[in-house]
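Please treat every number below as a calculation from the coordinates, not as lab data. Not measured: the values here are computed from a predicted model. Note that each Cβ is placed from the backbone with ideal geometry, even for glycine, and that neighbours are counted across all protein chains shown.
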Amino acid sequence: MGDLLRDRGDLAGALQASIEAQRVMQGLLAAEPNDVRRQHDMYISFAKIAVIKAVQGDLMGALHAYQEFQSGMRRLAATIPNDASWQRDLVVAHASVGNILRSQGDLAGALQAYREAHATISRLVAANLNNADWKSDLSVTIQNIGDVLFAQGDLAGASTAYKDSHAINST
């Protein structure tokens, strides 16, 4: 329901629906705390709430929700390291935290988050060189690193990152 309301522009309603859905998930998870699928659903709910808060301009609220998503996905990805979809969710979590930090002017924090995303997506690409989505994620992650390096005045580092990103897109 929250996604539908968000898509219709009712951000307040979307946020309320997403928070309520998260409460229901918390109850289900309390009944079965070791159910990793329910844990995953809970962490995804933080990402959905973060998107709405970011669109509303509540960057601190969005950052907090993305950090919850990131923390949860770190735990799940470590628990089941061969689950590529959870590894990719971890990449999204790192990148989302980086995006908010960058928009807040925390370039060092953003760079750290993007580098964490880079490490994870690099492992996925190395395991499957033919996955175009993962290669695209890798390219975007390197582009983000380049953007932060550029903003920090590291023109040589930014240039290298941009070249690396372009090279991925060329293969």
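A few comments on the model shown:
- Projecting the Cα positions of Leu129, Ala47, Ser18 onto the charge dipole of the chain (unit charges on Cβ atoms of Lys, Arg, Asp and Glu, taken about the Cα centre) puts Leu129 furthest along the positive direction.
- Label-to-label distance, nm, for residues given as Val24 and Thr160 (7 Å Cα→Cβ offset): 5.0 nm
- Size of electric dipole in the chain: Cβ of Lys, Arg +1 and of Asp, Glu -1, about Cα centre, debye, nearest 20: 140 debye
- Between Ala167 and Ala84, the FRET efficiency from the beta-carbon distance, with R0 = 30 Å, is close to 0.85.
- Under the convention that each Lys and Arg Cβ holds +1 and each Asp and Glu Cβ holds -1, the size of the dipole of the stretch 1-85 around its Cα centre is about 120 debye.
- Distance between the stretch 8-61 and the stretch 108-149 - C-alpha centres, whole angstrom: 25 Å
- Debye-formula intensities of the stretch 72-135, expressed as log10 I(q)/I(0) at q = 0.22 Å⁻¹, are -0.85 (one equal scatterer per alpha-carbon, no solvent).
- The distance between label points at Val36 and Ser136 comes to 2.7 nm (points 7 Å beyond Cα on the Cα→Cβ vector).
- When its C-alpha radius of gyration is set against 2.2 N^0.38 Å (N residues), the stretch 109-170 gives a value of 1.07.
- Calculated log₁₀ intensity ratio I(q)/I(0) where the Debye formula runs over C-alpha points of the chain, q = 0.12, 0.15, 0.16, 0.19 Å⁻¹: -0.60, -0.89, -0.99, -1.21
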